[in-house]
Amino acid sequence: MRHIISLLLENEAGALSRVAGLFSARGYNIESLTVAPTEDATMSRMTVVTSGSDDVIEQITKQLNKLVDVVKVVDLSEGEHIERELMLVKVRASGKDREEMKRMADIFRGRVIDVTDKSYTIELTGTGQKLDAFLEALEEGVVLETVRTGASGIGRGERILRI
Amino acid sequence: MELSGAEITVRCLADEGVEHLFGYPGGAVLHIYDELFKQDRVQHILVRHEQAAVHAADGYARASQKPGVVLVTSGPGVTNAITGIATAYMDSVPMVIVTGQVPTHAIGQDAFQEVDTVGITRPCVKHNFLVKDVRDLATTIKKAFFIATTGRPGPVVVDIPKDITTARCEYEYPKSVSLRSYNPVLKGHSGQIRKALQLLLEAKRPMIYTGGGIVLGEAAAELAQLVRALGYPCTNTLMGLGGYPATDPQFLGMLGMHGTYEANMAMQHCDVLLAVGARFDDRVIGNPKHFATEERRIVHVDVDPSSISKRVKVDVPIVGDVREVLAEMNRQLAALPAKPDPGAIKAWWTQIELWKARDCLKYDREAKVIKPQAVVSKLYELTRDADTYVSSDVGQHQMWAAQFYKFDKPRRWLNSGGLGTMGVGLPYAMGALLAHPDCTSVCVTGEASIQMCIQELSTCKQYRLPVKIVNLNNRYMGMVRQWQEFFHGNRYAESYMDALPDFVKLAESYGHVGMRIENPGDVEGALREALALKDRLVFMDFITDQTENVFPMVPGGKGLSEMILV
C-alpha cells in the first residue's frame with residue numbers, strides 16, 4: 001500500500017543521504033522524496049512517498065527513527081492529511097491547438113507561466129493523481145517536457161508535526 | 001588557553017577516560033600522533049594493519065564495558081578499517097573511530113589519500129561526523145562517545161581534516177551532551193511487562209531465548225534471576241553465550257544453525273517464547289516461514305525497536321534496556337501470586353530431556369587423529385577455573401568453540417557473529433589482554449582464518465601479549481568444505497589450503513613459541529605446557545581430522561527442526 005511519510009531532520013550535511021541510503025540499503029521503495037528547510041533553519045522537513053506491506057512500512061518508520069539525524073517521523077497515511085505536488089509541463093501549443101491547451105489548463109486549474117509562439121509552460125498543483133489525470137487528458141505527442149516535485153504532505157486540522 | 005585541534009583530540013580522549021588507543025599513523029593524522037607522543041595518559045597500540053586496529057579495539061570493548069577507540073589515517077587507513085567497523089556494527093559494539101581526512105580545502109579534489117569517509121562508512125556505522133570547524137571538535141567527540149555507548153551500541157566515526165588539527169580554539173570537554181534527535185528508550189512499558197509475565201505464567205511449553213543484548217546490556221544477573229524463578233529452559237545465541245551460565249541445568253546450549261538438538265526443538269515446539277536482546281536472525285531461527293508454522297506467542301524485549309517484528313511478528317513487544325526490563329520483570333513476578341503450572345512444566349522438561357538424550361554433540365572420542373572437538377573440550381577443562389577469555393575466528397572451529405567451551409560468564413566469548421569476519425580472532429585476543437592484563441586469552445582459530453591477520457603476531461611481540469593460539473589445522477577452509485560436501489556434490493572448489501606455512505617456524509620468527517601437535521595423546525600435554533608459559537605467546541598448531549563436520553546443522557533456508565544430525 002502507498003504511504004506518505006513525513007520527517008523532521010537536522011539540517012545537517014549528509015542527512016538526506018542517510019535517508020536515501022537507508023532506503024536503498026534495505027531495499028525499500030521510494031516513489032518520491034522531497035526535502036527543504038523549515039521555518040526553523042536548523043531543521044529540514046522531508047516527505048517520502050513509499051509503498052509496501054504493513055510490516056515493511058513499520059520497519060521503514062522504525063529504521064527512519066533510528067537515524068541519529070532524524071528528529072521525528074510521522075506516517076501521514078495513518079490519519080487525515082492533505083498532499084500536494086507541483087508539476088511544470090511544457091506543451092506544444094500552436095495553431096488551433098493553442099486555444100484548446102489553454103482551456104485544458106484552466107479546467108485543471110493550471111496556470112500558464114511561460115509562453116512562446118509554439119509552446120506553453122503550465123504550472124499545476126494537486127495530488128499526484130490529478131497531475132497524472134492532466135497528462136492523460138492531453139493528446140498524444142503534445143507534451144514536450146515535464147518536471148514534478150514529488151508529493152509534500154501535511155496533517156489535517158490540529159494534527160501538527162513539530163518538536 | 002587555546003589548543004590546536006590535534007591537542008584537543010588527544011585531550012578529549014584522555015578526558016573521556018580512554019586508556020588504550022589502537023591505531024596506525026599516516027599523513028593526515030601526523031599532528032594528532034605528535035600530540036600523542038607528548039603525553040602519557042592515553043597509551044597507543046601500534047598494530048600492523050588498520051583492520052586489526054579496529055578488531056583489537058572491538059575485542060577490547062567486548063571483553064570490557066568500555067568503548068573501543070581507534071585512530072587511523074585518511075584514504076587507505078579508512079578503507080582498511082572498514083571491515084573492522086562493519087564487524088563491530090553488526091554485533092553492536094560500542095566504538096569511536098577517529099579518522100584523518102585531507103585538509104578541508106582539498107576535500108572533493110581527489111587529493112592524495114582522500115576518500116569520502118563519511119560516505120563510505122555510512123552504511124556500517126551507528127553515526128558519523130565530519131568536523132569542519134575546530135570549535136565543534138570537542139563537542140563532536142563527546143557526542144560520538146555518547147551515541148556509541150548508549151541505546152543499542154555501535155561504532156561512530158569522527159572524520160577530522162588535517163587543517164582542523166592545526167587550527168586553534170579554547171578547549172573545554174563537555175561533561176554531557178544531549179541530542180534532540182536521539183533519545184533511546186530505556187524503561188520498558190510496565191503494562192507490557194505485566195502482559196508478558198501473564199503469558200509466561202500461563203505457558204505450557206515456555207522457552208527463553210537470549211542474545212548478545214544480555215552481554216552488551218550487562219543483564220546476566222537479572223536474566224539468571226528470572227530464569228531460575230520461573231524454572232524454564234533457556235538458550236543463548238552465538239552472540240549471547242555466557243549471558244546465561246552454560247553449566248546451569250536449565251541451559252539447553254546454543255540454538256541456531258549449529259545449535260543443539262534440544263535447544264532447536266524446544267525453540268520450534270514452545271508455546272510461549274521470551275526473546276531478550278536477540279534479533280531472530282537467519283542463522284538463529286532459520287527460515288522465518290518455517291518458524292511461524294508453529295502456533296506460539298512471542299514476547300520480545302530489545303532496546304532497538306527496529307529489531308522487534310523485523311523477521312518474526314511478535315505479540316508483546318517491549319522496547320527498553322534489557323537490564324531495566326528484566327529487573328522490572330523480576331520485581332513484578334515476585335509480587336504476583338500466580339505461579340507456573342507445575343504439571344505442564346514438568347511434562348515439558350520430560351520432553352526436553354528426551355531431546356537431550358539424542359546426545360547431538362557426540363563425536364568419536366577414540367579416533368586415531370586429533371578431533372577438533374576434543375581439543376576445545378580439553379582446553380575448557382584446563383582453563384575453566386582461570387580468568388579466561390576465548391576468541392575465535394569464523395568457520396568450523398568457531399562453532400566447535402561455541403559448542404564445547406562452556407561459558408559461565410558474559411564477555412568471555414569474543415567472536416564475529418553477525419558479519420562473520422575471518423581474521424578477528426587474534427586481534428580480539430589482543431584486545432582482551434589489554435583490557436584484562438592478567439587474564440588467560442585464548443584464540444581458537446583455523447589455519448585459514450589465522451592467516452587473515454597473521455601480521456599481528458608482530459604487535460603481540462611488541463606489547464608482550466601472551467595470547468595462546470589454538471590452531472585447529474585441518475588443511476581446509478573447513479566450513480566451506482563442509483558446505484561443498486553437503487550441498488555441492490563433494491566438489492571442493494578452492495577450499496583446500498595449499499602451501500601452508502610452517503606455523504611453528506612462523507611463530508618462532510616473530511619471537512614466539514611454536515608447537516605442532518599431531519597425536520591425540522599429546523593434546524593435553526601441549527595445552528598444559530602452553531598455558532604454563534604465562535608470559536609468552538604460544539602458537540599451537542593442532543593437526544586435526546580433515547573430514548570432521550559440525551553437527552547438528554540446519555541447512556540454509558530450512559526450519560529449526562530440520563537438522564542434519566551426526
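The values are calculated or read from the model by the stated rules, or taken from the named source; none is laboratory data. Keep in mind the model is a prediction, meaning the values are calculated, not measured. Cβ sites come from the backbone with ideal geometry, for glycine too, and all protein chains shown count toward neighbours. The area values use the complete protein model at the heavy-atom level, side chains included, leaving out ligands, DNA and RNA. Shrake-Rupley method; radii C 1.70, N 1.55, O 1.52, S 1.80 Å.
The table below gives the values:
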read-out: Some residue of the stretch B:166-182 being open to solvent by 40 Å² or more (accessible area, probe 1.4 Å) and within 12 Å of chain A (Cβ to nearest Cβ); value: yes
read-out: Subset of the stretch B:404-430 [assigned to a helix (DSSP H, G or I) and open to solvent by 20 Å² or more (accessible area, probe 1.4 Å)]; value: B:Phe404
read-out: Residues being farther than 30 Å from A:Leu8 by Cβ, in contact (Cβ under 8 Å) with a residue 40 or more places away in the chain and part of a helix (DSSP H, G or I) - total across the stretch A:56-102; value: 2
read-out: Top-ranked residue of the stretch A:11-26 - restricted to ones that are crowded, with 16+ Cβ neighbours inside 10 Å, closer than 13 Å to A:Leu64 by Cα and of a type outside the set (A, V, I, L, M), ranked as farthest from the other protein chains (Cβ to nearest Cβ); value: A:Phe23
read-out: Unique residue being surrounded by fewer than 20 Cβ atoms within 10 Å (Cβ to Cβ) and over 28 Å from the mean Cα position of the chain (by Cα) when the list is B:Lys534, B:Lys505; value: B:Lys505
read-out: Pair list, Cβ < 8 Å and 6+ apart or interchain, from the stretch B:447-463 residues that are under 15 Å from B:Met477 (Cβ atoms) to residues that are modelled with pLDDT under 95; value: B:Glu447/B:Met497; B:Ala448/B:Met497
read-out: Yes/no for A:Ile113 being open to solvent by 20 Å² or more (accessible area, probe 1.4 Å), in contact with an Asp or Glu (Cβ under 7 Å, 6 or more places away or on another chain), more than 14 Å from chain B (Cβ to nearest Cβ) and of a type in the set (Val, Ile, Thr); value: yes
read-out: Number of the exception - A:Val70 against (1) away from chain B (no Cβ under 14 Å); (2) among the β-branched types (Val, Ile, Thr); (3) closer than 30 Å to B:Pro317 by Cα; value: (1)
read-out: Answer from B:Leu527, B:Leu472 - the residue that is at pLDDT 95 or above, part of a helix (DSSP H, G or I) and either surrounded by 18 or more Cβ atoms within 10 Å (Cβ to Cβ) or touching a His at 6+ places or on another chain (Cβ under 9 Å) (or both); value: B:Leu527
read-out: Residues that are more than 14 Å from every other protein chain (Cβ to nearest Cβ), in contact with a helix residue (DSSP H, G or I) (Cβ under 7 Å, 6 or more places away or on another chain) and not aliphatic (A, V, I, L, M), drawn from the stretch B:267-283; value: B:Gly277
read-out: Where a residue in the stretch B:421-437 is closer than 19 Å to B:Ile85 by Cβ and its partner, wherever it lies, is part of a helix (DSSP H, G or I) and among the acidic types (Asp, Glu), with Cβ under 6 Å and at least six apart; value: B:Leu426/B:Glu456; B:Pro427/B:Glu456
read-out: Pick from the stretch B:44-92, criterion of a type in the set (Lys, Arg) and under 16 Å from the mean Cα position of the chain (by Cα), ranking: nearest to B:Phe146 (Cα to Cα); value: B:Lys66
read-out: Subset of the stretch B:284-308 that is open to solvent by 20 Å² or more (accessible area, probe 1.4 Å), part of a helix (DSSP H, G or I) and within 21 Å of A:Glu58 (Cβ to Cβ) - its residue that is farthest from the other protein chains (Cβ to nearest Cβ); value: B:Lys289
read-out: Of residues in the stretch B:309-337 being under 15 Å from B:Val272 (Cα atoms) and part of a loop (DSSP other than H, G, I, E, B), the one farthest from the other protein chains (Cβ to nearest Cβ); value: B:Asp315
read-out: Criterion: touching a His at 6+ places or on another chain (Cβ under 6 Å), under 30 Å from B:Val70 (Cβ atoms) and not in a loop (DSSP other than H, G, I, E, B) - qualifying residue of B:Val215, B:Val156; value: B:Val156
read-out: Qualifying residue in the stretch B:128-139 (condition: over 18 Å from B:Thr9 (Cα atoms) and either more than 13 Å from chain A (Cβ to nearest Cβ) or open to solvent by less than 10 Å² (accessible area, probe 1.4 Å) (or both)); value: no
read-out: Residue match in the stretch B:445-461 (condition: surrounded by fewer than 23 Cβ atoms within 10 Å (Cβ to Cβ), part of a helix (DSSP H, G or I) and among the hydroxyl-bearing types (Ser, Thr, Tyr)); value: yes
read-out: Identity of the residue in the stretch B:111-127, more than 21 Å from B:Thr9 (Cα to Cα) and facing another protein chain (nearest Cβ under 9 Å), that ends up least open to solvent (accessible area, probe 1.4 Å); value: B:Gly119
read-out: Unmet requirement for B:Ser561, which otherwise passes all of (1) part of a loop (DSSP other than H, G, I, E, B); (2) of a type in the set (Gly, Ala, Ser); (3) open to solvent by less than 40 Å² (accessible area, probe 1.4 Å); value: (3)
read-out: Those strands (runs of 3 or more DSSP E) lying entirely in the stretch A:103-163 with at least 1 residues in contact with a Leu (Cβ under 7 Å, 6 or more places away or on another chain), over 15 Å from A:Arg92 (Cβ atoms) and touching a residue at least 24 places away in the same chain (Cβ under 8 Å); value: A:119-126, A:143-148, A:152-155
read-out: Residue that is nearest to the other protein chains (Cβ to nearest Cβ), among those in the stretch A:1-10 that are open to solvent by less than 30 Å² (accessible area, probe 1.4 Å) and farther than 23 Å from B:Arg180 by Cα; value: A:His3
read-out: Among (1) of a type in the set (D, E, K, R); (2) in contact (Cβ under 8 Å) with a residue 24 or more places away in the chain; (3) in a loop (DSSP other than H, G, I, E, B), the one test that B:Lys175 misses; value: (2)
read-out: Filtered residue count, the stretch B:238-253, keeping only those that are within 15 Å of the chain's Cα centre (by Cα) and not small (Gly, Ala, Ser); value: 3
read-out: Flag if B:Pro340 is more than 14 Å from chain A (Cβ to nearest Cβ) and either surrounded by fewer than 21 Cβ atoms within 10 Å (Cβ to Cβ) or farther than 24 Å from B:Thr150 by Cα (or both); value: yes
read-out: Single condition B:Thr149 does not satisfy, out of (1) hydroxyl-bearing (Ser, Thr, Tyr); (2) within 14 Å of another protein chain (Cβ to nearest Cβ); (3) open to solvent by less than 10 Å² (accessible area, probe 1.4 Å); value: (3)
read-out: Condition met for B:Lys143 (within 12 Å of another protein chain (Cβ to nearest Cβ) and assigned to a helix (DSSP H, G or I)); value: yes
read-out: Filter result (modelled with pLDDT of 95 or more and not hydrophobic (A, V, I, L, M, F, W, C)) within the stretch B:282-309; value: B:Arg297, B:His300, B:Asp302, B:Asp304, B:Pro305, B:Ser306, B:Ser307
read-out: Pair list, Cβ under 6 Å, 6 or more apart: the stretch B:101-124 residue part of a loop (DSSP other than H, G, I, E, B), other residue of a type in the set (Val, Ile, Thr); value: B:Ala111/B:Val102; B:Glu114/B:Val102; B:Val115/B:Val78
